[in-house]
1. Just how large is the dipole of the chain about the Cα centre, in debye to the nearest 20, putting +1 at every Lys and Arg Cβ and -1 at every Asp and Glu Cβ?
2. Run the paramagnetic zone check for Asp305: 7 angstrom along Cα to Cβ, then residues of segment 140-168 with backbone nitrogen under 20 Å.
3. When the helices in the chain are scored as -39500 (n - 2.57) per DSSP H run of 4 or longer and the sum is shared across all residues, what 222 nm value do you end up with, to the nearest 500 deg cm²/dmol?
4. With an 8 Å Cα cut-off and a minimum separation of 6 or more residues, compute the relative contact order for segment 146-246 in percent.
5. Tell me, what does the Kirkwood hydrodynamic radius of segment 259-401 come to in angstroms if you use every pair of distinct C-alpha atoms?
6. Multiply the residue separation of Tyr388 and Lys223 by 0.36 nm, subtract the distance between their alpha-carbon atoms, and state the gained length in nm to one decimal.
7. Compare the Cα positions of Ala137, Tyr330, Trp428 along the charge dipole of the chain (+1 at Cβ of Lys, Arg; -1 at Cβ of Asp, Glu; about the Cα centre) and return the one farthest towards the positive end.
8. Need the C-alpha centroid separation for segment 341-416 versus segment 112-184, integer Å.
Amino acid sequence: MTAPTPRRALLAVALAAAAAATVPVGRAQAAAAAAQPAGPAGPAGAPGADAGGAPPAAAAAGRSVDNRFWFSRGHWGAGTHRGTTTLPGTLGSLAFDVPAGRTDYTDPHTGRKAAWDHAVWTSPVHRTAVPATEVVASWNAHTPAGTWIRIELRATYGDGGTSPWYVMGRWASGDADIRRTSVDGQTDGRSTVWTDTLAVDAPARAAGLRITAWQLRLTLYRKPGSGRGPTVGLAGAMASDVPDRFTVPASVPSGEAVELAVPRYSQEVHIGRYPEYDNGGEAWCSPTSSQMVVEFWGRRPAPADLAWVDPSYSDPQVCHAARSTYDHAYKGCGNWPFNAAYAASYGGIGAVVTRLSSLADLETLLRAGIPVITSQSFRADELTGAGYGTAGHLMTIVGLTASGDVVANDPHSPDNPSVRRVYRRREWENVWLRTQRYNAAGKAVSAPGGVCYLYAPTRPSPAQVTALRAVGVL
């Protein structure tokens, strides 16, 4: 389960080809077998789609999500550099070049104060194809010991006003230098940061207030005098305005079965393990799902990374994933972008948080060999065979039966062999895509609305590029 209800109280991958930008599916959709496949980008990935350019195709398609990601040498060059540079190569990462200044940072979770050299990259202003009520950032970075990054986002409203720079995360893959953290509750009275999501306050009552553009700022930190800094392979965001709905239209199954051989891990075998990382069990659905897909793509933590885990524990890599996604402010492992950033810390994987619009979109990805981690909430009586209810839970969708039912690796299972579940198509589709639901007390509460994590190769196959474009990620 991802998060306590209050975190989402106001809330109702994009991979590319070198010759044509590819994008992830935020709270939305995605993206031909172009020349040389590359890494993730946004639907507005082409030049001119940012401030002053023509609106992206997503608007014409009537989509409710818009993605924009920067990941290539040309993309980084479009932003403003203060001490940053781009590494050589078409898909060169953003890197620390020379210090733009020095900053003292006191870690709120340890009390430790230290000085850090910093360098800053600021993106162009991106005008969204979808005037949005929510924006979720994603980033893929490498942070060796003695380095970390800060991700900030500034929104422009439809009336021309702008928000302050909101911190969307202070992040490092390890936890020896700083504690990985969100900064909850930042607000200007018009929008508020809820852990990992920037949301317009009460959008239905705010005279139609929407976010019409946004800008990203990355600050790279390293220890003073160090010659080694962090690198960023991808950064951007998904903006969305999914309509309020308790039910969604039913999609039509293709009639052809598909199932990917994704490893199966149970979160429940970890109950009581590592209270400092939220105690295992249902709190670990997000990192458990992330670890399944990381391993599907052939990546695993090195033995040295697992040396801290009690040798009597099974599946130590799941414990490692939990520690590597733990948000010390949220006090849990369910921060969406932190999970994507963890997956992308393994070379060759691009990862973003996005949204899909239908189960048909999800099927398109599965047929291209891409599993999808989905977020859903439901009562125990709403999903036949689940045997539990949840205010928020992540599972990995690995296939569809010939009749169109959903094949899930559901980590909320008593052991690894029982992780594979088959859920009724219509029930599962509705609990995933709706934005509102009634809880066990009969109260109307928010629901995820198609949120998913999309992890795929940084150099996807032509068929995968085609699928990503087809679902609106690219």
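Each reported figure results from applying straightforward, stated rules to the coordinates on display, with no laboratory input. The structure presented is a predicted model; accordingly, all values stated were derived computationally and were not measured. Glycine gets a Cβ as well: all are built from the backbone with ideal geometry, and neighbour counts include every protein chain shown.
1. In debye, rounded to 20, the chain gives about 720.
2. 140-149
3. Computed ellipticity for the chain at 222 nm equals -4000 deg cm²/dmol.
4. With pairs under 8 Å counted, the relative contact order is 31 percent.
5. About 15.8 Å, per the Kirkwood formula over Cα pairs.
6. Values: separation 165, 0.36 × 165 = 59.40 nm, distance 4.70 nm.
Net length gain for the segment: 54.7 nm.
7. Ala137
8. The two parts, judged by their Cα centres, are 27 Å apart.
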